[in-house]
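Contents: one structure, followed by commentary.
Bear in mind these aren't lab numbers, they're just calculated from the coordinates by the rules spelled out. Values in this document were obtained by computation on a predicted structure and should not be read as measured data. With ideal geometry, Cβ positions are generated from the backbone for all residues, glycine too; neighbour counts draw on all protein chains shown.
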Amino acid sequence: MSAVSETIVREYFELFGFFVRQQRKYIAPARHENDEIDFFVYNPRATAGATLPFVLGSADLVGVARAMVVVKGWHTETFSPAVLANAPEIFRFVQPGVFKQAAKVFSSDGPFTKILVVPALPIDGKARQASIDLLRAKGVDAVIPFHTMLADLIAHIETNRNYQKSDLLQVIRILKNYEFFAEPQMELFKSKAAKKPVVTD
């Protein structure tokens, strides 16, 4: 996981009030099962008993109390069924041995959510559902697309604030200040009015 992807994920969860604990800051010479966890996150304001969708949006985070988060910052990839089938390392974090590490962090006070941060899921409905079904079958509880994280970070940054303690937020602030981020153009999603037929003599 690149440092940039890691920073995006950390800033996103902290934006919504989570406490974030990183698994480690060094690169282990030999990876083990519990090396696959990138972050442990805890939400002190979580809503108990909330039902979570598989593809999480920011509004759904209130239902996440505790989670272990794995980041796959393959930003040029879509997590299609073919990609998932040929990348078994994606699912190492849901193997039984990993839960021991999570139990040490969270103690035994209830379950925790296994969240995978993905670049994107397929747009096509059937392929998208096939990816979701495969991820669920492997033990993943939920996914968050990078697009969701970046969109919310951009939306919440204010140009009149100085985010000098975060390089990522400061860069976003500067880009917003110089209008490199356009406002969402919702009219693009409106259906075009049907053209009236031309009547000829």
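Things worth noting here:
- Placing unit charges on each Cβ (+1 for Lys and Arg, -1 for Asp and Glu) gives the range 3-177 a dipole about its Cα centre, and among P145, G73, Y163 the Cα reaching farthest toward its positive end belongs to Y163.
- J(HN,Hα) series, the range 120-125, from Karplus relation 6.51 cos²θ - 1.76 cosθ + 1.60, nearest Hz, glycine and proline x: 5, 9, x, 7, 4, x
- Electrostatic tally near E158: other residues with Cβ closer than 10 Å to its Cβ, Lys and Arg +1, Asp and Glu -1, net +3.
- Sparsely packed loop sites in the range 41-77 (the trypsin sites (Lys or Arg not before Pro) outside DSSP H, G, I, E and B with at most 15 other Cβ atoms within 10 Å) comprise R45.
- Close amide H pairs (under 5 Å, H built 1.01 Å from N) link V143 with V55, L56, L116, residues at least 5 positions away or on another chain.
- For the range 3-177: lysine pairs under 21 Å (alpha-carbon distance), excluding those fewer than 8 apart on one chain: 13
- Gyration tensor verdict on the range 3-177 (Cα atoms; rounded if a/c is under 1.5, prolate if a/b is larger than b/c, oblate otherwise): rounded
- As a proxy for reagent exposure, E77, E36 were ordered by neighbouring Cβ count within 10 angstrom, fewest first; the result is E77, E36.
- For the range 4-11, Karplus couplings with θ = phi - 60° (6.51, -1.76, 1.60), whole Hz, Gly/Pro x: 5, 4, 4, 5, 4, 5, 4, 4
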